[in-house]
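Bear in mind that the values in this text are calculations on the coordinates, not laboratory data. Remember, it's a predicted structure, so these values are computed and weren't measured experimentally. Note that each Cβ is placed from the backbone with ideal geometry, even for glycine, and that neighbours are counted across all protein chains shown.
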Amino acid sequence: MPRYFFHIEQDDHIICDDRGLDLDNIEEIQEEVIEIFREIVIEFAIDGRVDHGSFVIEDSEGKRVLVFPFWRGLSG
């Protein structure tokens, strides 16, 4: 099962996920991004950071497989 890393990128700052998750496919990746977004949205909203930035998902080789803008999580 492939391992994916869920980084948070805002402006020129990146919070790196150094543990990652083992997931089967892009649908599982998208579901996980939405769940992570829900967990941190209150913290980021309080700080006024929720309208900019993205989750950047990379595989174990460092290849970007998905970029999920924060605003996308707010709209759906």
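Please sort by residue number the trypsin sites (Lys or Arg not before Pro) in the stretch 1-42 whose DSSP state is loop and whose Cβ has at most 10 other Cβ atoms within 10 Å.
ARG19
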HN-Hα couplings for the stretch 4-14 via Karplus (6.51, -1.76, 1.60; θ = phi - 60°), in whole Hz with x for Gly/Pro, come out as 10, 10, 10, 8, 10, 10, 9, 6, 9, 10, 10
